[in-house]
Amino acid sequence: MTTIPASARRLVESRASRRCEYCLLPAAVSFFSHEVDHIVALKHGGKTNPQNLAYACWRCNRFKGTDLGSFDPETGLFSFLFNPRDQTWAEHFQLQDNCVNGLTPEGRTTVHLLQLNSDERRAERQRAAANRADDL
């Protein structure tokens, strides 16, 4: 297990605006703490540097694991997962009625592999939206 320096953790958390970089769940409404994780796992040659670190909720982090990609559920072709350092969320996903829709092979593959539209995930997004409405 690699120790991620506190300064890198703070940078990653701040850069992500304290939201999961895969599903956008705010850390403030998550039951479990968000985590700093390697986008490309160490076992695949990833490095412990800010360019390879993402802020992820525990569900996204567990479902992603060390995976780099999977099969696009629409085409059946292999696709890499969404990379929050190299890609823009809005180009690959759309949030509609508490569902995350994949717009590209990377988006669809990420939605599928990370199970972004499970009942629990949709309920989390609904709670997050309600919390934002309460703050207005």
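State yes or no: is ASP67 among the acidic types (Asp, Glu), outside any loop (DSSP other than H, G, I, E, B) and touching a residue at least 12 places away in the same chain (Cβ under 8 Å)? Let's see the steps before the verdict.
Numbers: among the acidic types (Asp, Glu): yes; outside any loop (DSSP other than H, G, I, E, B): no; touching a residue at least 12 places away in the same chain (Cβ under 8 Å): yes.
No; evaluated as a whole, the condition is false for this residue.
Restricting to the range 1-29, give me the number of residues that are in a loop (DSSP other than H, G, I, E, B), hydroxyl-bearing (Ser, Thr, Tyr) and farther than 23 Å from LEU81 by Cα. If you could, list the steps in order and put the result at the bottom.
The first filter runs over the range 1-29 and keeps only residues in a loop (DSSP other than H, G, I, E, B), leaving 1-5, 16-18, 20-25.
With hydroxyl-bearing (Ser, Thr, Tyr) added as a condition, the list becomes 2-3, 17, 22.
Subset that is farther than 23 Å from LEU81 by Cα: 3.
The number of residues fulfilling the criteria is 1.
Can you find a residue that is over 30 Å from THR2 (Cα atoms) and part of a strand (DSSP E or B) anywhere in the range 102-112?
Yes, that holds for at least one residue.
Of these, ARG121, ARG62, ARG108, which one is surrounded by 12 or more Cβ atoms within 10 Å (Cβ to Cβ), at pLDDT below 95 and of a type in the set (Lys, Arg)?
Values: ARG62 fails: at pLDDT below 95; ARG108 fails: at pLDDT below 95.
Just a single option satisfies the conditions, and that option is ARG121.
Search the range 70-81 for residues being surrounded by 15 or more Cβ atoms within 10 Å (Cβ to Cβ) and part of a loop (DSSP other than H, G, I, E, B), and hand back the single one that is farthest from the chain's Cα centre (by Cα). Break it down into steps so the answer makes sense when it comes.
Residues of the range 70-81 surrounded by 15 or more Cβ atoms within 10 Å (Cβ to Cβ): 70-72, 79-81.
Still in the running and part of a loop (DSSP other than H, G, I, E, B): 72, 81.
Numbers: ASP72: 17, LEU81: 10 Å.
The extreme case among them is ASP72.
For the range 82-98: of the residues being surrounded by fewer than 21 Cβ atoms within 10 Å (Cβ to Cβ), among the hydrophobic types (A, V, I, L, M, F, W, C) and in contact (Cβ under 8 Å) with a residue 24 or more places away in the chain, which is farthest from ASP37 (Cα to Cα)?
By that ranking, first place goes to LEU95.
Do we have VAL100 as touching a helix residue (DSSP H, G or I) at 6+ places or on another chain (Cβ under 6 Å) and modelled with pLDDT of 95 or more here? Explain how you work it out, then say what you get.
On the way: touching a helix residue (DSSP H, G or I) at 6+ places or on another chain (Cβ under 6 Å): yes; modelled with pLDDT of 95 or more: yes.
Yes; evaluated as a whole, the condition is true for this residue.
Quick check on GLN87: is it assigned to a loop (DSSP other than H, G, I, E, B) and under 19 Å from SER17 (Cα atoms)? Reasoning before the result, please.
Details: assigned to a loop (DSSP other than H, G, I, E, B): yes; under 19 Å from SER17 (Cα atoms): yes.
Yes; evaluated as a whole, the condition is true for this residue.
In the range 58-105, what count of residues is obtained for those that are β-branched (Val, Ile, Thr) and farther than 24 Å from SER14 by Cα? Give the derivation first.
Residues of the range 58-105 that are β-branched (Val, Ile, Thr), as a first pass: 66, 75, 88, 100, 104.
From the residues that got through so far, the ones that are farther than 24 Å from SER14 by Cα too are 75, 104.
Counting residues in the range 58-105 that are β-branched (Val, Ile, Thr) and farther than 24 Å from SER14 by Cα gives 2.
Tell me, yes or no, whether the range 115-124 has at least one residue that is in contact (Cβ under 8 Å) with a residue 40 or more places away in the chain and over 27 Å from GLY46 (Cβ atoms).
Among the residues of the range 115-124, at least one is in contact (Cβ under 8 Å) with a residue 40 or more places away in the chain and over 27 Å from GLY46 (Cβ atoms), which makes the answer yes.
If we scan the range 36-51, do we find a residue that is of a type in the set (D, E, K, R), out of contact with any strand residue (DSSP E or B) (no Cβ under 6 Å at 6 or more places or on another chain) and in a loop (DSSP other than H, G, I, E, B)?
Of the range 36-51, the ones of a type in the set (D, E, K, R) are 37, 43, 47.
Keeping just the survivors that are out of contact with any strand residue (DSSP E or B) (no Cβ under 6 Å at 6 or more places or on another chain) gives 43, 47.
Pick out the ones that are also in a loop (DSSP other than H, G, I, E, B) and you get 47.
Among the residues of the range 36-51, at least one is of a type in the set (D, E, K, R), out of contact with any strand residue (DSSP E or B) (no Cβ under 6 Å at 6 or more places or on another chain) and in a loop (DSSP other than H, G, I, E, B), which makes the answer yes.
The values are calculated or read from the model by the stated rules, or taken from the named source; none is laboratory data. Owing to the predicted nature of the structure, the values given are computational and were not obtained by experimental measurement. Don't worry about glycine lacking a Cβ; one is built from the backbone with ideal geometry, like all the others, and counts go over all protein chains shown.
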